[in-house]
Amino acid sequence: MLKNGTRGHASRKWAGGAGLVALAMIVTGCVPLQYPEAQGARTDVTEAANAGQAVRDGGDLVMALSSEPDKLDPTTSTSLYTRFVMNAMCEKLYDIDASGEIVPQLATALPEISADGLRVTIPVRTGATFSDGTPFSAQAVRATFDRNLTLEGSGRKTELGPIERVSAPDAETVVVEYSTPFAPLTAALADRAGMILSPTAIADDTTAFADNPSCVGAFKFVERIPQTSITLEKDPNYYAADEVHLDTITYRIMGDANIRAANLRSGDVHVADAISPQDADALLLERDIEVLQTGSLGYQGLTINIGNTNGTGEPVVQREGPLASDPRVRQALTMSIDREALVNSVFNNWYDPACSGISPNSPFATAASNDCAEFDPAGARALLEEAGVDIPLTVGLKVANSPDALRYSQALQASVREGGFNLRIEPVEYSTLLDMQKQGKFDLMQIGWSGRIDPHGNLATFMTTGAGNNDGGYNSAEMDDLLTRAAQLSDIDERAELYGQAVELAHRDNPLIYTYRQRNITAHSVDLAGVSTFTDGVVRLSRAGFVADKD
């Protein structure tokens with residue numbers, strides 16, 4: 001069992017932006033330099049070591065992406081890799097910085113929240129232009145909010161909470177009105193829900209937004225070659241174009257970690273994401289390569305399809321089969337997983353076991369959220385026998401066909417066999433895996449989440465009935481009530497108590513079994529400056545450039 005955590009902080013108010021900043025500073029840390037004597041240490045390095053050096057204008061940067069992004073539409077996308085691309089071309093109302101602080105981006109200040117928590121006023125910048133030439137304004141923000149709340153298949157509706165009305169009283173002000181207070185809003189607007197889309201593009205019925213996306217950003221969309229690459233070019237309309245150095249960014253899809261590392265060493269790519277722990281220690285010793293690494297706010301785990309028969313967000317229908325219908329069987333599965341042994345053996349001790357959607361470093365962490373089922377294969381078998389299940393119970397496991405994911409699934413297969421399970425591993429290409437997840441075409445799926453600084457983004461969107469990421473079709477009135485009440489509170493301690501109760505309920509029902517929390521490991525050539533990666537898992541390239549005194 002993982003060591004239970006306690007909270008020693010004083011009671012604090014989750015009062016809009018100020019509360020978010022306080023939270024974010026606690027959650028994350030920043031170590032800007034990678035010192036030779038620290039090689040091999042698991043120390044956060046968020047920014048390129050040569051930050052501050054002169055950077056030349058021009059150049060074509062190539063980044064190796066470990067998986068193909070899904071649709072380039074912030075309203076519907078679910079992939080971390082889509083966020084990489086979108087980060088360069090779709091700015092948000094807010095962002096997080098290297099220290100985890102919430103900072104304005106298209107907004108000009110943190111939100112002003114009324115005393116009753118029902119009215120949120122957001123000031124937005126002037127003088128910005130979308131890549132298609134449409135002027136940015138508060139009306140564009142309102143149009144994006146409306147789309148996020150009403151578009152079929154939107155993954156953002158739950159993230160935005162119980163909004164009653166969004167208005168733009170003038171070009172520089174957005175007002176969001178709620179039926180009940182909703183504390184996580186600013187955190188949501190620092191991610192996809194806060195990416196503002198061109199109203200001209202979203203009104204165009206002849207072209208899907210994902211096929212020709214238009215936002216305010218340092219770069220604009222050029223082309224996408226499916227399963228091969230996505231290319232962006234510098235946007236001359238960008239309000240801070242003088243801060244952008246590169247001519248183009250090309251994201252090449254390279255699913256094999258060994259191939260990404262080899263292309264980085266050869267110079268064929270300049271940046272590579274999701275470096276495998278199998279390669280990380282060796283890359284730390286390379287003179288021409290720098291490794292960035294941060295802890296993660298997210299997790300990897302197993303999603304169990306309990307009631308998703310018609311697609312995510314559709315009315316749930318209880319599925320048949322012991323894993324879907326009997327919580328004792330799901331409890332037996334989590335008891336069959338030796339989390340610590342698996343991460344140490346498969347990932348060279350780079351990653352940590354995980355047992356909930358709340359990071360132990362979060363101020364929302366409690367003894368309840370840090371608690372974990374003990375590895376108890378004998379107890380697991382006893383539960384299966386009590387449930388009347390024939391042993392071994394065979395279950396199909398959908399998993400991405402990347403080497404790390406396959407290596408972990410094979411080790412997991414061996415681990416749970418002792419507890420009475422026979423996992424049938426079914427490798428699937430990552431973008432196809434995401435489609436199957438949304439369509440409910442799985443029994444058990446190994447997949448993760450890059451994480452958000454507010455627990456609402458890690459829990460409610462996955463376990464609230466009908467939520468945009470509730471891909472397992474979990475349906476619990478008790479869980480809905482806990483997560484709804486937690487989002488209405490401003491006090492961190494009070495919210496943490498409710499989230500702890502939600503985790504305890506999740507540990508009883510096990511709609512999602514958490515397995516490990518990875519580090520975000522990115523590598524880049526040393527002749528680059530301005531590359532950064534934060535605890536949200538996103539690699540940022542919009543201000544990257546080649547150092548002036550190097551070829």
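Coordinate-derived values only; no laboratory data. Because the structure is predicted, anything quoted here is derived from the model rather than measured. Glycine gets a Cβ as well: all are built from the backbone with ideal geometry, and neighbour counts include every protein chain shown.
Based on every Cα atom in the range 41-157, Rg and the maximum pairwise Cα distance Dmax equal 17.5, 51 Å.
The average projected area of the range 452-492, computed from the convex hull of its Cα atoms over all directions, is 2.9 nm². Here the range 299-517 is assigned +1 on the Cβ of each Lys and Arg and -1 on the Cβ of each Asp and Glu. Its dipole about the Cα centre then comes out at about 560 debye. Local charge for Phe347 was computed over the other residues whose Cβ lies under 10 Å away, with Lys and Arg +1 and Asp and Glu -1, and equals 0.
Applying the criteria of a DSSP loop state and at most 14 other Cβ atoms within 10 Å to the GluC sites (Glu not before Pro) of the range 107-198 yields Glu152, Glu172.
Of all beta bridges that DSSP places with both ends in the chain, some 75 percent have antiparallel geometry. If you count Lys pairs in the chain whose Cα atoms are under 28 Å apart, skipping same-chain pairs closer than 8 places in sequence, the total is 23.
Here the simple spin-label model places points 7 Å from the Cα toward Cβ, and for Ala49 and Glu164 these points are separated by 5.6 nm. Once the Kirkwood radius over Cα pairs is known for the chain, the Stokes-Einstein relation at 25 °C and 0.890 mPa s delivers a diffusion coefficient of 103 µm²/s. The length gained on full extension between Asp268 and Ala109, counted as 0.36 nm times the residue separation minus their Cα-Cα distance, comes to 53.2 nm.
With K and R counted +1 and D and E -1, the other residues having a Cβ less than 11 Å from that of Arg224 yield a net charge of -2. For Val428, the residues whose amide H sits under 5 Å from its own are Val399, Ala400, Asn401, ignoring neighbours fewer than 5 places away on the same chain, with H placed 1.01 Å from N. In this simple spin-label approximation, Thr121 and Asp390 carry label points 7 Å from Cα along the Cα→Cβ vector, and these lie 6.8 nm apart.
A dipole drawn for the range 172-296 from +1 and -1 charges on Cβ atoms has a positive end, and of Ser214, Ser266, Ala241 the residue lying farthest that way is Ser266. Net charge dipole, the chain: roughly 400 debye, given to the nearest 20, about the Cα centre with Cβ charges of +1 for Lys and Arg and -1 for Asp and Glu. Under the combined filter of DSSP loop state and at most 14 neighbouring Cβ atoms within 10 Å, the range 487-551 retains these trypsin sites (Lys or Arg not before Pro): Lys550.
For the range 241-320, trypsin sites (Lys or Arg not before Pro) are listed when DSSP marks them as loop and at most 13 other Cβ atoms sit within 10 Å of their Cβ; the list is Arg287.
Here the relative contact order of the range 478-551, from alpha carbon pairs under 8 Å that lie six or more residues apart, stands at 19 percent.
The local environment of Ala201, defined by Cβ-Cβ distances under 13 Å, has a net charge of -3 under the rule Lys, Arg +1 and Asp, Glu -1. Ranked from largest, the principal axis spans of the Cα set of the range 299-517 equal 46, 39, 38 Å. For the range 393-536, the fraction of alpha-carbon pairs lying more than 28 Å apart is 32 percent, rounded to a whole number.
Built from the Cα atoms of the range 130-285, the convex hull projects on average onto 12.5 nm², one quarter of its surface area. Note on Arg42 and Glu152: the extension gain reaches 35.4 nm, defined as 0.36 nm multiplied by sequence separation minus the Cα-Cα distance. Ordering Thr465, Gln518, Ala332 by Cα displacement along the dipole of the chain toward the positive end leaves Ala332 in first place; charges were set at the Cβ atoms of Lys, Arg (+1) and Asp, Glu (-1). Under Stokes-Einstein, with the Kirkwood radius over Cα pairs as Rh, the value for the range 55-105 at 10 °C and 1.306 mPa s is 122 µm²/s.
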